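Below is one structure; the comments refer to it alone.
The values are calculated or read from the model by the stated rules, or taken from the named source; none is laboratory data. Because the structure is a prediction, the values reported are computed rather than measured. All Cβ positions, even for glycine, are placed from backbone atoms using ideal geometry, and neighbour counts span all protein chains on display.
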Amino acid sequence: MAAIEAISLTKKFGDLVAVNNLSFSVEEGSIFGLLGPNGAGKTTTLRMIYGVLKPTSGTARVLGVDVVHNPTKAKSLMGVLPEETGLYPRLTAEENLIYFGKLRGMEDWRLRKRVAELLELLNLTDKKYVIADKLSRGQRQKVAFARAILDEPPVLLLDEPTLGVDVMSAREIRKMIEEYATTGKTVVLSTHNMWDVERLCDYIGIISEGKLRYLGKKEDLEKLIGEKEFEDVFVRLVKGDVVES
Ligand SMILES: Nc1ncnc2c1ncn2[C@@H]1O[C@H](COP(=O)(O)OP(=O)(O)OP(=O)(O)O)[C@@H](O)[C@H]1O
Ligand SMILES: [Mg+2]
């Protein structure tokens, strides 16, 4: 079964078609990267899948569960890192995680163990008593990433997981994402970072102006690129040019 299926997802804001009839499916156990320039529709696509934005038309299924018709069940299957981290500003890093874990019904001992472990892995242990409001952008991003993977949901949706994070932490986050997928879980991430795509993703969707310009395996895109620079090919795909191998 596909872990995620986007079925003709469309979102209009007034006259603007932010996401235009997007369809793709993501195999269980793989990492799918949604790549595209600012304003392409990446965040809007993810928000429709994780259920905070209702599609104008179309829908998505998460492990077979329709996100429009069965949002509560669908949400329970997903861990989410939103674009604006969505932490409670007055709660500490640790409290944010504990609170979320309780909402998700985690057992107390498992929750505390997991929070301590993630704070350590992400080099945040000395910040655990600092309120989210007083954390740096990158530190907040790391806490929000920890929250997304806290109860190890089968599907992760990550909106620019390494944005604003230092080199060491970005490496740790990439490693954690990779390990996540090797256990049969599925990751969908958005990025403008070609390095993330190159290092992490099995499948790539390139999107611009709400339209899907390329969909396929990373190896196939690499073949298409051949001797050419990834950046050049990316720019042409974004403009809607057909790129010959
Ligand atoms: N709530 C909203 N109301 C009106 N327009 C919106 C809203 N959210 C997004 N848009 C518009 O939809 C388009 C797609 O935005 P989106 O945030 O999905 O892009 P993105 O690919 O995530 O960009 P970025 O790389 O900058 O994060 C943009 O033109 C944006 O201005
Ligand atoms: Mg975005």
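For region 136-178, residues that are within 16 Å of ligand 1 (Cβ to nearest atom), out of contact with any Pro (no Cβ under 7 Å at 6 or more places or on another chain) and closer than 18 Å to Phe32 by Cβ total 6.
In region 75-92 there is no residue that is away from ligand 1 (no atom under 15 Å from the Cβ), over 19 Å from the mean Cα position of the chain (by Cα) and either within 18 Å of Ser25 (Cβ to Cβ) or in a helix (DSSP H, G or I) (or both). Kindly indicate whether Ala132 is within 16 Å of ligand 2 (Cβ to nearest atom) and not assigned by TED's automatic domain parsing to the domain that holds Val26. Considered against the rule, which asks whether it is within 16 Å of ligand 2 (Cβ to nearest atom) and not assigned by TED's automatic domain parsing to the domain that holds Val26, Ala132 comes out as no.
Within the group Leu150, Leu156, Leu189, Leu215, which residue is within 16 Å of ligand 2 (Cβ to nearest atom) and modelled with pLDDT of 90 or more? That would be Leu189, the only listed residue that is within 16 Å of ligand 2 (Cβ to nearest atom) and modelled with pLDDT of 90 or more. Within region 166-186, the set of residues being modelled with pLDDT under 90, of a type in the set (D, E, K, R) and surrounded by 19 or more Cβ atoms within 10 Å (Cβ to Cβ) is empty. Taking region 41-59 as the range and being under 21 Å from Arg104 (Cβ atoms) and either free of Cβ contacts under 8 Å to residues at least 40 places away in the same chain or over 14 Å from the mean Cα position of the chain (by Cα) (or both) as the test, the residues that pass are Arg47, Gly51, Val52. Taking the listed residues Ile173, Ile204, the one that is among the aliphatic types (A, V, I, L, M), under 17 Å from the mean Cα position of the chain (by Cα) and in a helix (DSSP H, G or I) is Ile173, with no other qualifying.
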